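S.K.: Submitted below is the structure of interest, expressed as structure tokens.
The values are calculated or read from the model by the stated rules, or taken from the named source; none is laboratory data. Note that the coordinates shown come from a computational prediction; the quantities given were computed from them, not determined experimentally. All Cβ positions, glycine included, derive from the backbone under ideal geometry; neighbour counts span all protein chains shown.
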Amino acid sequence: MKHWHETREVLDFLARVRGEGKRAALATVVRVRGSAYRHEGAKLAVADDGTTAGNVSGGCLEQDVREVALQVIRSGKPELRNYCSSADEIEAWDLGVGCEGQVDVFVEPAEARPRERALLDERRSFAVCTVMPGRGEKGEGRRLIVTPSGTEGTLGVPGLDGAATALARGLLDGEESGLRETPERAVFIDVFQPPPQLVLLGAGEDARPLARFAADVGFRVVVVDRRPAYLTAERFPAAALLLESDGAGLTAALPLDAACCAVVMTHTFADDQAYLRALLTTPVSYIGMLGPRQRTERILRNLGAEGPANEGLIYGPVGLDIGTDGAEQVALAVIAEVLAIRSGRRARSLRERAVPIHAPAD
């Protein structure tokens, strides 16, 4: 989820430093084997004055990658570096790679990328294909942008654009970037999916830390309230959208799809009921209800009298049972529950997990 937001920050950095006349390089994680802090697509941009944006590890690879990037800036030649933690878990942790993990980082001279930055503002899925240079090749920095409806650019290798486009289209339904082999060359396909929305119905004080935490972990945050005085950028600086709407007008004012999650938290029974009534007519995948269980059950009984409701989507009281006290801790419990539901994980201590922490959901 953070891939979208972090790439936007990295591209803004590249646009700024190149606009100032500085040279720059971009380091991208192109392959991960085993366990690692960051996945394919993580980026670190480095300017010729040593300033940086982004990261490619838990923090311990950054210094070495920064030095490689400065070499690439001076030479103009890309480099592919492999970081291997071996089987020593303590050494792996100290490296910031992960237990028994290997990470390949591709470092290339970088220009501003206005087209890719514009696509990040359009909120539609796309992929960027980059050809890995062969041994001794300088690399031309060519990229192929693939959207569901077309392509832009070229990789400059005969026959490679078509193969890369087919591979990229096959990845656009997911969020997984990766290095792919073709008969012509190896191609890194960087996949971008718009971040899911977390819709907060209610703009009270306890919604503020929840909006902040949700944005920090990668959600596009929308705050809805029927009271315009509560909907200010000063109160919700991390929100992508502040929407004045009551429950009756919600679905007309805000498109909601299966990638959306919602938390109802107005502290007013009638408003909570109206918002929940609207949400139950949409394909949202998660509905959290703030407040006591008996209150949520009463709302559901009232709505049940109007027609069948999919109660399996409703989590009330909202959040994981971690013993919360105060709005910030409640927000943490809510975000943790939403992330667990989205990833298909059972929320429990990692020490109880018998398989590697980055293995598929159990």
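S.K.: Determine if region 26-44 includes at least one residue that is farther than 30 Å from Val221 by Cα, at pLDDT 95 or above, not assigned by TED's automatic domain parsing to the domain that holds Ala127 and not in a strand (DSSP E or B).
M.R.: No, region 26-44 contains no residue that is farther than 30 Å from Val221 by Cα, at pLDDT 95 or above, not assigned by TED's automatic domain parsing to the domain that holds Ala127 and not in a strand (DSSP E or B).
S.K.: Gly50 - would you say it is under 19 Å from Leu172 (Cα atoms) and either at pLDDT 95 or above or touching a helix residue (DSSP H, G or I) at 6+ places or on another chain (Cβ under 8 Å) (or both)?
M.R.: Details: under 19 Å from Leu172 (Cα atoms): no; either at pLDDT 95 or above or touching a helix residue (DSSP H, G or I) at 6+ places or on another chain (Cβ under 8 Å) (or both): yes.
For Gly50, the condition - under 19 Å from Leu172 (Cα atoms) and either at pLDDT 95 or above or touching a helix residue (DSSP H, G or I) at 6+ places or on another chain (Cβ under 8 Å) (or both) - is not met.
S.K.: If you don't mind, another one. For the condition aliphatic (A, V, I, L, M), surrounded by 17 or more Cβ atoms within 10 Å (Cβ to Cβ) and under 21 Å from Pro195 (Cβ atoms), what is the one hit in Val72, Val56, Val46, Val30? Give the steps one after another, and end with the answer.
M.R.: Details: Val72 fails: under 21 Å from Pro195 (Cβ atoms); Val46 fails: under 21 Å from Pro195 (Cβ atoms); Val30 fails: under 21 Å from Pro195 (Cβ atoms).
Result of the check over Val72, Val56, Val46, Val30: Val56.
S.K.: I would also like to ask the following. If I filter region 252-279 down to residues being among the aliphatic types (A, V, I, L, M) and assigned to a loop (DSSP other than H, G, I, E, B), which single residue comes out as nearest to Asn302 (Cα to Cα)?
M.R.: Going through region 252-279, the residues among the aliphatic types (A, V, I, L, M) turn out to be 252-254, 256, 258-259, 262-265, 270, 274, 276, 278-279.
Retained after the next criterion (residues that are assigned to a loop (DSSP other than H, G, I, E, B)): 254, 256, 258-259, 265.
Numbers: Leu254: 24, Leu256: 23, Ala258: 25, Ala259: 27, Met265: 18 Å.
Per the criteria, the residue is Met265.
S.K.: In region 169-190, what residues are assigned to a loop (DSSP other than H, G, I, E, B) and surrounded by 15 or more Cβ atoms within 10 Å (Cβ to Cβ)? First the steps, then the outcome.
M.R.: Taking region 169-190 first, the residues assigned to a loop (DSSP other than H, G, I, E, B) are 172-177, 182-185.
Residues satisfying the conditions are Leu172, Glu175, Ser177, Thr182, Glu184, Arg185.
S.K.: Got a number for residues in region 320-337 being closer than 18 Å to Gly204 by Cα and either modelled with pLDDT of 95 or more or assigned to a helix (DSSP H, G or I) (or both)?
M.R.: The total comes to 9.
S.K.: Contact list please: Cβ distance under 6 Å, first residue in region 170-183 and in the same structural domain as Pro148 (by TED's automatic domain parsing), second residue among the aromatic types (Phe, Trp, Tyr), pairs at least six apart or on different chains.
M.R.: Correct list of pairs: Leu179/Phe188.
S.K.: Continuing with this model, one more query. When region 97-128 is examined, which residues are found to be at pLDDT below 85 and hydrophobic (A, V, I, L, M, F, W, C)?
M.R.: Correct list: Val97, Cys99.
S.K.: Write out, first by first residue and then by second, each pair whose Cβ atoms fall under 8 Å of each other, whose residues are 6+ apart or on separate chains, and whose first residue, in region 295-312, is within 12 Å of Ala274 (Cα to Cα) while the second is outside any helix (DSSP H, G or I).
M.R.: As it stands, the answer is Ile299/Met289; Leu300/Ala309; Leu300/Ile314; Leu303/Leu280; Leu303/Ala309, since those pairs meet every condition given.
S.K.: Looking only at region 2-59, count how many residues are at positive phi and within 18 Å of the chain's Cα centre (by Cα). Don't jump to the end; show me each part of the working.
M.R.: Start the filter on region 2-59 by keeping residues that are at positive phi, which leaves 21, 34, 41, 50, 54, 59.
Then drop every residue that is not within 18 Å of the chain's Cα centre (by Cα), which leaves 41, 54.
So the answer is 2.
S.K.: When you look at Ala309, is it part of a loop (DSSP other than H, G, I, E, B), hydrophobic (A, V, I, L, M, F, W, C), more than 26 Å from Arg212 (Cβ to Cβ) and touching a Leu at 6+ places or on another chain (Cβ under 9 Å), yes or no?
M.R.: Details: part of a loop (DSSP other than H, G, I, E, B): yes; hydrophobic (A, V, I, L, M, F, W, C): yes; more than 26 Å from Arg212 (Cβ to Cβ): yes; touching a Leu at 6+ places or on another chain (Cβ under 9 Å): yes.
Here the answer is yes, as Ala309 does meet what is asked.
S.K.: If we scan region 84-92, do we find a residue that is modelled with pLDDT of 90 or more and either touching a Cys at 6+ places or on another chain (Cβ under 7 Å) or in a loop (DSSP other than H, G, I, E, B) (or both)? Walk me through it before giving the result.
M.R.: Step one: list which residues in region 84-92 are modelled with pLDDT of 90 or more, which gives none.
No, region 84-92 contains no residue that is modelled with pLDDT of 90 or more and either touching a Cys at 6+ places or on another chain (Cβ under 7 Å) or in a loop (DSSP other than H, G, I, E, B) (or both).
S.K.: Quick check on region 198-228: of everything there that is part of a loop (DSSP other than H, G, I, E, B) and touching a helix residue (DSSP H, G or I) at 6+ places or on another chain (Cβ under 6 Å), which residue is surrounded by the most Cβ atoms within 10 Å (Cβ to Cβ)? First the steps, then the outcome.
M.R.: From region 198-228, those part of a loop (DSSP other than H, G, I, E, B) are 202-206, 218-219, 226-227; that's our starting set.
Now narrow it down to the ones that are touching a helix residue (DSSP H, G or I) at 6+ places or on another chain (Cβ under 6 Å): 203, 206, 218.
Details: Ala203: 27, Asp206: 18, Gly218: 16.
That would be Ala203.
S.K.: Just give me the residues in region 289-306 being assigned to a helix (DSSP H, G or I) and touching a Leu at 6+ places or on another chain (Cβ under 9 Å), in sequence order.
M.R.: Restricting attention to region 289-306, the residues satisfying the condition of being assigned to a helix (DSSP H, G or I) are 293-304.
Selection gives Thr296, Ile299, Leu300, Leu303.
S.K.: Same structure again: Residues being at pLDDT 90 or above and either surrounded by 11 or more Cβ atoms within 10 Å (Cβ to Cβ) or among the acidic types (Asp, Glu) (or both): count how many of those fall in region 284-314.
M.R.: Of the residues in region 284-314, the ones at pLDDT 90 or above are 284-303, 313-314.
Now restrict to residues that are either surrounded by 11 or more Cβ atoms within 10 Å (Cβ to Cβ) or among the acidic types (Asp, Glu) (or both): 284-292, 295-300, 302-303, 313-314.
Residues that pass the stated criteria total 19.
S.K.: Okay, moving on. Looking at the structure I just gave you, is Arg81 basic (Lys, Arg), more than 21 Å from Gly178 (Cβ to Cβ) and either outside the structural domain of Glu152 (by TED's automatic domain parsing) or modelled with pLDDT under 90 (or both)?
M.R.: no
S.K.: Turning to a different aspect of this structure: Checking the condition at pLDDT 95 or above, closer than 21 Å to Val29 by Cβ and not in a strand (DSSP E or B), which residue from Gln63, Gln71 passes? So that I can check it myself, show each step before the final result.
M.R.: On the way: Gln63 fails: at pLDDT 95 or above.
The unique qualifying residue is Gln71.
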